[in-house]
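**Q** Please see the structure below; I have some questions.
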2 protein chains.
Amino acid sequence: MNDHFADRMHDVPRSFIREILKVTLEPDIISFAGGLPNRAFFPIEPLRIAADKVFREKGGDCLQYSNSEGLVELRGYIARRYKQSQGITVAPEQILITNGSQQALDLLAKVLLNDGESVVMEEPGYLGAIQALSLYRPRFAPVAVHREGMDCAQLAEVVERNKPRLMYTVPNFQNPSGITYDADNRRAVAEIISQREVVLVEDDPYGDLRFSGSAVPSFYHLLPEQTVLLGSFSKTVVPGFRLGWIVAPVELHEKLLIAKQAADLHTCNFTQYVLLQFLTDNDLDHHIAAIVGAYGRQCRAMVAAIDRMFPAGVTCTRPDGGMFLWGTLPEGLRAMDLFERAVTRRVVFVPGEPFYTRPVSSATFRLNFSCVDEPVIEEGIGRLAEALKEMIEG
Amino acid sequence: MNDHFADRMHDVPRSFIREILKVTLEPDIISFAGGLPNRAFFPIEPLRIAADKVFREKGGDCLQYSNSEGLVELRGYIARRYKQSQGITVAPEQILITNGSQQALDLLAKVLLNDGESVVMEEPGYLGAIQALSLYRPRFAPVAVHREGMDCAQLAEVVERNKPRLMYTVPNFQNPSGITYDADNRRAVAEIISQREVVLVEDDPYGDLRFSGSAVPSFYHLLPEQTVLLGSFSKTVVPGFRLGWIVAPVELHEKLLIAKQAADLHTCNFTQYVLLQFLTDNDLDHHIAAIVGAYGRQCRAMVAAIDRMFPAGVTCTRPDGGMFLWGTLPEGLRAMDLFERAVTRRVVFVPGEPFYTRPVSSATFRLNFSCVDEPVIEEGIGRLAEALKEMIEG
């Protein structure tokens with residue numbers, strides 16, 4: 001059986017983070033490597049109460065096979081929230097509940113991509129998206145993201161030359177870089193791809209986690225016909241329920257629904273009911289405010305520690321939300337070297353490599369601040385600073 | 001966006017059953033069309049207690065991101081159960097937890113099939129498998145199943161001619177036909193495909209639901225290197241949790257794991273914990289015995305009513321387990337005609353068409369007996385008998 005797998009399996013990267021996380025399980029290690037929400041904010045007791053209610057009131061309904069679209073009341077909640085928080089009008093009929101937004105990526109690629117078709121991917125970009133899309137053998141067209149958003153000169157060139165079918169973006173507090181596309185950048189991006197046969201995916205798992213600055217309007221306002229919105233309850237409620245969604249134009253929704261049905265019939269019914277009950281009985285924004293408060297403090301502590309301790313020449317982004325910031329080493333240094341030195345000092349992070357669609361020897365690295373409190377940040381950044389000084393001073 | 005989807009979407013059948021189920025939602029209809037387990041046997045209260053315990057004892061663990069393989073203790077339970085109930089030795093490391101066994105089909109096709117490669121499919125065969133595999137654009141090689149199992153002459157020819165890469169079987173109480181491959185048939189099948197580059201998928205969602213006769217050994221005993229086992233808790237506990245699994249040789253398991261991770265990171269963590277708690281605190285076999293008792297009574301009632309009321313020339317299978325039986329009309333009659341007449345008498349079933357990989361005008365039909373009690377069976381079969389008589393007598 002050994003050497004006889006489908007061609008699509010040949011060039012899928014095995015998750016780099018997965019490998020790294022093995023190191024981080026050792027007890028004395030300080031990890032800035034994870035991409036996990038902070039479990040201290042999981043609403044365990046409210047979810048327990050919600051689950052109990054669902055068992056008692058929904059009996060068999062919550063445990064039987066269900067439809068592939070997802071619970072209609074949950075889709076209604078999501079539609080209302082788009083309206084209230086972003087002024088976006090979508091119908092519940094445009095929403096498909098998925099096993100986390102990772103599944104949304106798989107379904108979109110399945111429905112939209114033939115082998116070798118071109119996909120615009122942020123550089124650096126979310127490695128889970130790179131992995132999911134890789135299985136459909138696209139030609140990746142990486143476009144750099146900078147502090148203010150996507151590199152529009154590069155995008156215009158790529159769109160003209162490659163005729164991409166799909167374009168993947170995380171415009172708010174991007175994973176891995178933490179940057180946010182500003183309003184001008186979004187308008188410029190929309191202008192470049194408007195009227196083209198490209199579907200713009202706006203993946204927004206972190207949008208609610210803003211701790212400074214003010215919200216920037218979604219691409220949906222600019223290109224409603226071409227934009228697909230991905231959302232998730234993983235960062236705002238819990239990731240273990242695996243509940244995300246896709247908002248798509250009706251014709252695309254129909255195709256996604258067929259793919260969803262073929263892929264796994266439907267998303268777990270029980271957790272959809274429990275989440276809906278939780279959302280009905282609790283104020284999600286109040287809950288999110290607590291998360292945002294903590295992540296904001298932790299991000300500020302990390303940025304301050306970096307400013308204070310990292311040697312000159314190492315630069316970092318200053319996120320307004322989300323869970324990550326992105327560092328860049330001085331010319332000529334490699335993040336993998338830093339990683340090796342860091343491990344011996346019992347601190348880890350993710351070197352930039354897996355966030356690129358092509359082999360690079362990267363000077364960049366991702367730091368997570370959602371799961372570490374201020375004293376640990378202080379200690380961990382201190383250890384990293386020592387490793388950096390050792391590298392730079394030779 | 002209308003006319004620009006991936007080629008793989010062109011020939012996927014939209015679920016026929018899904019369309020039919022819309023009719024069955026009307027309140028006065030008797031439905032033999034569904035494929036649902038009977039919700040009267042959902043262990044709601046034991047699951048409620050298990051969930052409560054999990055929330056209290058596992059805190060954040062059950063709600064955080066988790067590994068792609070699935071909960072190791074649940075995989076251990078599954079491995080022990082294979083040993084105890086079937087004498088099959090598998091390691092937990094060979095088991096991957098999936099979102100129902102439907103996802104197992106998607107992952108297997110993704111990992112094993114290039115466009116146009118050949119797949120042996122039972123005829124008639126499980127429509128969910130036909131749908132899942134269709135998205136990978138295989139060349140289907142249908143092989144007839146009869147009362148004793150697969151048509152081995154046809155299989156031998158297909159294997160020689162088509163060099164299939166995958167072979168899909170439901171050897172116990174097959175969906176849709178209700179038949180079981182007997183031991184001789186399994187040996188003959190194994191001999192034909194032994195040493196060939198074909199992966200034999202033994203999908204066994206109904207194996208525990210035997211109400212007469214005795215168990216027939218799994219293909220795994222005959223071809224351990226080539227057999228992939230699919231299992232599910234949907235028919236024995238609840239389908240709404242979406243918990244199934246794949247047992248595969250280690251090299252294939254590794255590839256499936258990469259595909260799983262790309263597809264949705266991991267299966268819902270919380271329901272895995274709740275199910276494990278339920279299985280720890282309750283006797284699954286005791287629970288299954290109650291289901292089997294009812295399904296057996298209902299199957300016997302359906303067979304008896306058919307024997308008594310259906311006109312001569314209409315034949316039906318006599319299942320030893322599972323949830324379905326399969327009827328065949330006399331030469332020249334079509335199940336779609338029967339369906340139309342049946343709907344006017346407020347009784348429905350699934351005409352044979354969607355269980356074939358090629359367009360047929362089928363004389364066959366599937367009847368489900370798991371969700372209807374004896375008086376309803378009597379009434380519904382009576383209505384069907386009237387429709388049949390009307391058709392046959394012109």
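**Q** Determine which member of the set A:L36, A:L74 is assigned to a loop (DSSP other than H, G, I, E, B), farther than 30 Å from B:A109 by Cα and not basic (K, R).
**A** A:L36
**Q** Also, quick follow-up: Checking the conditions here, which among B:D320, B:D264, B:D283 is under 30 Å from B:L63 (Cβ atoms) and touching a Gly at 6+ places or on another chain (Cβ under 6 Å)? Spell out how you get there, then give the answer.
**A** On the way: B:D320 fails: under 30 Å from B:L63 (Cβ atoms); B:D283 fails: touching a Gly at 6+ places or on another chain (Cβ under 6 Å).
Just one listed residue meets the conditions, B:D264.
**Q** Can you give me the number of residues within segment A:238-259 that are out of contact with any helix residue (DSSP H, G or I) (no Cβ under 6 Å at 6 or more places or on another chain) and not hydrophobic (A, V, I, L, M, F, W, C)?
**A** 4
**Q** Among the residues in segment B:105-112, are any of a type in the set (G, A, S), within 13 Å of chain A (Cβ to nearest Cβ) and assigned to a helix (DSSP H, G or I)?
**A** For segment B:105-112, residues of a type in the set (G, A, S), within 13 Å of chain A (Cβ to nearest Cβ) and assigned to a helix (DSSP H, G or I): present.
**Q** Select from segment A:65-79 the residues that are among the polar types (S, T, N, Q) and surrounded by 20 or more Cβ atoms within 10 Å (Cβ to Cβ) and list them in ascending order. Working first, answer last.
**A** Filtering segment A:65-79 for residues among the polar types (S, T, N, Q) gives A:66-68.
Those that are among the polar types (S, T, N, Q) and surrounded by 20 or more Cβ atoms within 10 Å (Cβ to Cβ): A:S66, A:S68.
**Q** Right, something else. Would you confirm, using the coordinates I've provided, whether B:V189 is crowded, with 24+ Cβ neighbours inside 10 Å, among the β-branched types (V, I, T) and in contact with a Phe, Trp or Tyr (Cβ under 6 Å, 6 or more places away or on another chain)?
**A** Working: crowded, with 24+ Cβ neighbours inside 10 Å: yes; among the β-branched types (V, I, T): yes; in contact with a Phe, Trp or Tyr (Cβ under 6 Å, 6 or more places away or on another chain): no.
Judged against the criteria, B:V189 is not a match.
**Q** Any idea how many residues of segment A:34-74 are farther than 23 Å from A:H287 by Cα and without any contact (Cβ under 8 Å) to a residue 40 or more places away in the chain?
**A** Here the count works out to 6.
**Q** How many of the residues making up segment A:39-62 are within 30 Å of A:L384 (Cα to Cα), in a helix (DSSP H, G or I) and facing chain B (nearest Cβ under 7 Å)?
**A** So the count comes out to 1.
**Q** Hey, could you check segment A:89-104 for residues that are more than 16 Å from the chain's Cα centre (by Cα) and assigned to a helix (DSSP H, G or I) and say which is farthest from the other protein chains (Cβ to nearest Cβ)?
**A** It comes out as A:P92.
**Q** Further question: Restricting attention to segment A:304-358, and to residues there that are among the small types (G, A, S) and without any contact (Cβ under 8 Å) to a residue 40 or more places away in the chain, which single residue is nearest to A:V216 (Cα to Cα)? Working first, answer last.
**A** Step one: of segment A:304-358, the residues among the small types (G, A, S) are A:304-305, A:312-313, A:321-322, A:327, A:332, A:335, A:342, A:352.
Next cut, without any contact (Cβ under 8 Å) to a residue 40 or more places away in the chain only: A:304, A:312, A:332, A:335.
On the way: A:A304: 25, A:A312: 32, A:G332: 36, A:A335: 32 Å.
By that ranking, first place goes to A:A304.
**Q** Tally up the residues in segment A:268-283 that are outside any helix (DSSP H, G or I) and more than 7 Å from chain B (Cβ to nearest Cβ), please.
**A** 2
**Q** While we're looking at this one, here's another question. Which of the following residues is touching a residue at least 12 places away in the same chain (Cβ under 8 Å), away from every other protein chain (no Cβ under 13 Å) and not hydrophobic (A, V, I, L, M, F, W, C): B:Q298, B:Q261, B:Q226?
**A** Of the residues listed, the single one that is touching a residue at least 12 places away in the same chain (Cβ under 8 Å), away from every other protein chain (no Cβ under 13 Å) and not hydrophobic (A, V, I, L, M, F, W, C) is B:Q298.
**Q** When you look at A:A50, is it farther than 21 Å from A:G178 by Cβ, at pLDDT 95 or above and either crowded, with 19+ Cβ neighbours inside 10 Å or basic (K, R) (or both), yes or no?
**A** On the way: farther than 21 Å from A:G178 by Cβ: yes; at pLDDT 95 or above: yes; either crowded, with 19+ Cβ neighbours inside 10 Å or basic (K, R) (or both): yes.
The answer is yes for A:A50.
**Q** May I pose another question? Looking at segment B:199-214, can you tell me whether even one residue there is surrounded by fewer than 23 Cβ atoms within 10 Å (Cβ to Cβ) and over 30 Å from A:Q64 (Cα atoms)?
**A** no
**Q** Right, next: Under 9 Å between Cβ atoms, which residue pairs at least 6 apart in sequence (or on different chains) link something in segment A:126-151 that is within 9 Å of chain B (Cβ to nearest Cβ) and aromatic (F, W, Y) with a partner that is assigned to a strand (DSSP E or B) and surrounded by 21 or more Cβ atoms within 10 Å (Cβ to Cβ)?
**A** Hits for this filter: A:Y136/A:V119.
**Q** Can you find a residue that is part of a helix (DSSP H, G or I), touching a strand residue (DSSP E or B) at 6+ places or on another chain (Cβ under 7 Å) and not acidic (D, E) anywhere in segment A:305-328?
**A** yes
**Q** Just checking, does segment B:353-362 include any residue being part of a strand (DSSP E or B) and under 25 Å from B:P205 (Cα atoms)?
**A** Looking for residues that are part of a strand (DSSP E or B) and under 25 Å from B:P205 (Cα atoms), one finds none in segment B:353-362, hence no.
**Q** Further, regarding this structure: Only one residue in B:L367, B:L384 is assigned to a strand (DSSP E or B) and buried (at least 22 other Cβ atoms within 10 Å of the Cβ), so which one is that?
**A** Sole residue among the options that is assigned to a strand (DSSP E or B) and buried (at least 22 other Cβ atoms within 10 Å of the Cβ): B:L367.
**Q** With the condition kept exactly as written, say whether any residue in segment B:378-392 is over 26 Å from B:T236 (Cβ atoms), within 22 Å of the chain's Cα centre (by Cα), in the same structural domain as B:A33 (by TED's automatic domain parsing) and not hydrophobic (A, V, I, L, M, F, W, C).
**A** No, there is no match, as no residue in segment B:378-392 is over 26 Å from B:T236 (Cβ atoms), within 22 Å of the chain's Cα centre (by Cα), in the same structural domain as B:A33 (by TED's automatic domain parsing) and not hydrophobic (A, V, I, L, M, F, W, C).
**Q** B:L113 fails exactly one of the following numbered conditions: (1) touching a helix residue (DSSP H, G or I) at 6+ places or on another chain (Cβ under 7 Å); (2) more than 23 Å from B:S362 (Cβ to Cβ). What is the number of that condition?
**A** Every condition holds for B:L113 apart from (1).
**Q** What number of residues in segment B:7-36 are modelled with pLDDT of 80 or more, at the interface with chain A (Cβ under 9 Å from one of its Cβ atoms) and more than 19 Å from B:L384 (Cβ to Cβ)? Steps first, please.
**A** Within segment B:7-36, the subset modelled with pLDDT of 80 or more is B:7-10, B:28-36.
Then drop every residue that is not at the interface with chain A (Cβ under 9 Å from one of its Cβ atoms), which leaves B:7-9, B:34-36.
The next check asks that each one be more than 19 Å from B:L384 (Cβ to Cβ); those that pass are B:7-9, B:36.
Summing the residues that are modelled with pLDDT of 80 or more, at the interface with chain A (Cβ under 9 Å from one of its Cβ atoms) and more than 19 Å from B:L384 (Cβ to Cβ) in segment B:7-36 gives 4.
The values are calculated or read from the model by the stated rules, or taken from the named source; none is laboratory data. Just so you know, these numbers come straight off a predicted model, no measurement behind them. A quick note on method: Cβ atoms are made from the backbone with ideal geometry, for glycine too, and the neighbour counts reach across all protein chains shown.
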